[in-house]
Structures are given as structure tokens and as C-alpha cells.
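Asker: The following block contains the structure, expressed as C-alpha cells.
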Amino acid sequence: MIKSTISEIGEFSYFEDEPIIILFNDLAPEGLREVCIIHNFEEKPEGDLLKVGSKIIFGEKEYEVVEIGHTANKTLRELGHASFYFDLDEGSELLPGSVSLSPHVLPLLNVGDSISFIY
């Protein structure tokens, strides 16, 4: 298990019409920070953090990985970046740096909350 801690929540990080969370580490450019949840890993991750069936806990809410874009593990490991979809329409194409999760309930997060990647 690898943990990270939320250090900043962008002003526009929750989209009204799209149940998605965009994670990025402290290297997120200024223009992107306002739509991201900034987090920092407690230790540098190695290998893949995500695989179909693995778990992610946002704060107190546990999710299962349903689908993973082909670059999501790389960008998450290197930049702390991935886009997490909580209600991706069936048949929709998942973007390369994205992850589809279940259940389809968007977590409400706060600065200081943890994110745990259980693989």
C-alpha cells in the first residue's frame, strides 16, 4: 500500500456535470492547479499502483479500479497525475491517463485527507 496526503484542493476541482477527480502532485502548473486535487506521496511509488480490481481509498471511501488507461500508472508514479472517473458512461472510451472507479459516488475531500492505493 502507498499513501498520499491532499495538500491543496483547486477552486474548480469539482465539476458540476462530470463526476471526476484530477490528481496531480506539487509540480502541477499554476493554470492547472485550480482544477486539480494536489497530493503528495509519503514515499516514491515504484511499479504499478493501479490494476483492475485493486482498491483506492479517498478519505474514508473505498473504490475498486474497473478500468485503467494505458499511461495512468506511469503519470501517477512520475507526476502524481491521473484522472479518476466515478461514473464513466458504458461504452465511453477511457483516456490514456484516466481510471474508472466503482462505486459511482464522488468523494468529498478535504485538505489533509489521505489517499491510499492498495495493490
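Asker: Can you report the number of residues in segment 99-118 which are farther than 24 Å from residue 42 by Cβ and either in contact with a helix residue (DSSP H, G or I) (Cβ under 6 Å, 6 or more places away or on another chain) or loosely packed, with under 15 Cβ neighbours inside 10 Å (or both)?
Answerer: 4
Asker: Please verify whether segment 53-64 includes one or more residues that are surrounded by 19 or more Cβ atoms within 10 Å (Cβ to Cβ) and among the basic types (Lys, Arg).
Answerer: no
Asker: Of the conditions (1) more than 11 Å from the chain's Cα centre (by Cα); (2) closer than 17 Å to residue 13 by Cα, residue 95 fails just one. Which one is it?
Answerer: Exception for residue 95: condition (2).
Asker: Considering only segment 14-32, I want to know if a residue exists there that is more than 19 Å from residue 102 (Cβ to Cβ), touching a residue at least 40 places away in the same chain (Cβ under 8 Å), exposed (fewer than 15 other Cβ atoms within 10 Å of the Cβ) and among the polar types (S, T, N, Q).
Answerer: no
Residues checked against (1) touching a helix residue (DSSP H, G or I) at 6+ places or on another chain (Cβ under 9 Å); (2) of a type in the set (Val, Ile, Thr); (3) more than 15 Å from residue 114 (Cα to Cα); (4) not in a loop (DSSP other than H, G, I, E, B):
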| position | (1), (2), (3), (4) |
| --- | --- |
| 5 | no, yes, no, yes |
| 26 | no, no, yes, no |
| 40 | no, no, no, yes |
| 47 | yes, no, yes, no |
| 50 | yes, no, yes, no |
| 65 | no, yes, yes, yes |
| 83 | yes, no, yes, yes |
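Asker: Please work out which one of (1) outside any loop (DSSP other than H, G, I, E, B); (2) within 22 Å of residue 9 (Cβ to Cβ); (3) modelled with pLDDT of 95 or more; (4) open to solvent by 50 Å² or more (accessible area, probe 1.4 Å) is the condition residue 74 fails and give its number.
Answerer: Result: residue 74 passes all but (2).
Asker: Could you tell me how many of the residues in segment 28-38 are closer than 18 Å to residue 108 by Cα and part of a loop (DSSP other than H, G, I, E, B)?
Answerer: Count: 3.
The values are calculated or read from the model by the stated rules, or taken from the named source; none is laboratory data. Being a predicted model, the structure only gives us computed values, none of them experimental. Glycine gets a Cβ as well: all are built from the backbone with ideal geometry, and neighbour counts include every protein chain shown. Ligands, DNA and RNA are stripped out before the accessible areas are found, and what is left, the full protein with its side chains, is counted by its heavy atoms. Shrake-Rupley method; radii C 1.70, N 1.55, O 1.52, S 1.80 Å.
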